[in-house]
1. Of all the accessible heavy-atom surface of region 25-147, with the other protein chains kept in place and a 1.4 Å probe, what percent is carbon and sulfur?
2. Averaged per residue, what accessible area in Å² does region 1-116 show with a 1.4 Å probe, protein chains only?
3. Can you work out ³J(HN,Hα) from phi for every residue in region 97-110, in order, using Karplus 6.51 cos²θ - 1.76 cosθ + 1.60 and θ = phi - 60°, giving whole Hz and x for Gly and Pro?
4. Relative to the longest principal Cα axis of the chain, at what angle does helix 132-155 sit, 0 to 90 degrees, rounded to 10?
5. Amide H of Val14 versus every other amide H placed in the peptide plane: which residues, excluding those fewer than 5 positions away on the same chain, fall under 5 Å?
6. Which entries of Lys21/Lys125; Lys67/Lys105; Lys21/Lys117 have Cα-Cα distances beyond 26 Å here?
7. Semi-axes of the equivalent ellipsoid for the chain, please: Cα gyration tensor eigenvalues, times 5, square-rooted, ordered largest first, whole Å.
8. Please report the orientation-averaged projected area of region 5-100, defined via the convex hull of its C-alpha atoms, in nm².
Amino acid sequence: MGVATYTHEVATSVAAPRMFKALYVDSDNLLPKVMPQVIKSIEIVHGDGSGAGTIKKMNFLEGDNLKYVKHKIEVVDVDNLICKYSLVEGDVMGDKLESVDYEAKIEASGNGGCVCKNTIKYHTKGDYVLKEEEIKEGADKAMELFKVVEQYLLANPSVCA
């Protein structure tokens, strides 16, 4: 099994606690609302819904290449704005990925906004080496989701306040 690590930072004018709440605490409700053309629903498969060990299944609309993904929550630290979770099942894993580990940390920036720092570790099956374009494709989808949430929060200042 190989491991490929990808790191990414993105700044936004949304305050750190709001962005964290939107992306990692209230995402079950918010993401299907802001991306109805992609996300059908998010359901809790195991656990209490927010704590360590919780498994969530994100269902995509029919007609998309992906049907679903399952994420296992490892840590949701609201005080320090850190979330760790793993992609443990889903079409996107195919025969190449064993799992994908995510670590997100959101830090306040001087302008009232924040910087979102992400580290993603792709654990591949066998001796498969992940191609740069495969990592870029995943990063582009994550950035699209981030930008949609950011725009929604900017347009709706009371959401996740």
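The values are calculated or read from the model by the stated rules, or taken from the named source; none is laboratory data. Please read these numbers as outputs of a predicted model, since none were measured by experiment. Here the Cβ positions follow ideal geometry from the backbone for every residue, glycine too, while neighbour counts run over all protein chains shown. With ligands, DNA and RNA removed, areas are computed over all heavy atoms of the protein, side chains included. Shrake-Rupley method; radii C 1.70, N 1.55, O 1.52, S 1.80 Å.
1. Working: 3460 of 6970 Å².
Solvent-exposed carbon and sulfur of region 25-147 make up 50 percent of the total.
2. Result: 53 Å² of accessible area for each residue.
3. 10, 7, 6, 9, 9, 10, 10, 10, 10, 10, 10, 5, 10, x
4. In the chain, helix 132-155 runs at an angle near 20 degrees to the longest axis.
5. Here Cys114 satisfy the definition.
6. Details: Lys21/Lys125 33 Å; Lys67/Lys105 28 Å; Lys21/Lys117 15 Å.
The answer is Lys21/Lys125; Lys67/Lys105.
7. Values: eigenvalues 124, 66, 50 Å².
Semi-axes, largest first: 25, 18, 16 Å.
8. Working: hull surface 28.3 nm².
The orientation-averaged projected area of the Cα hull of region 5-100 comes to 7.1 nm².
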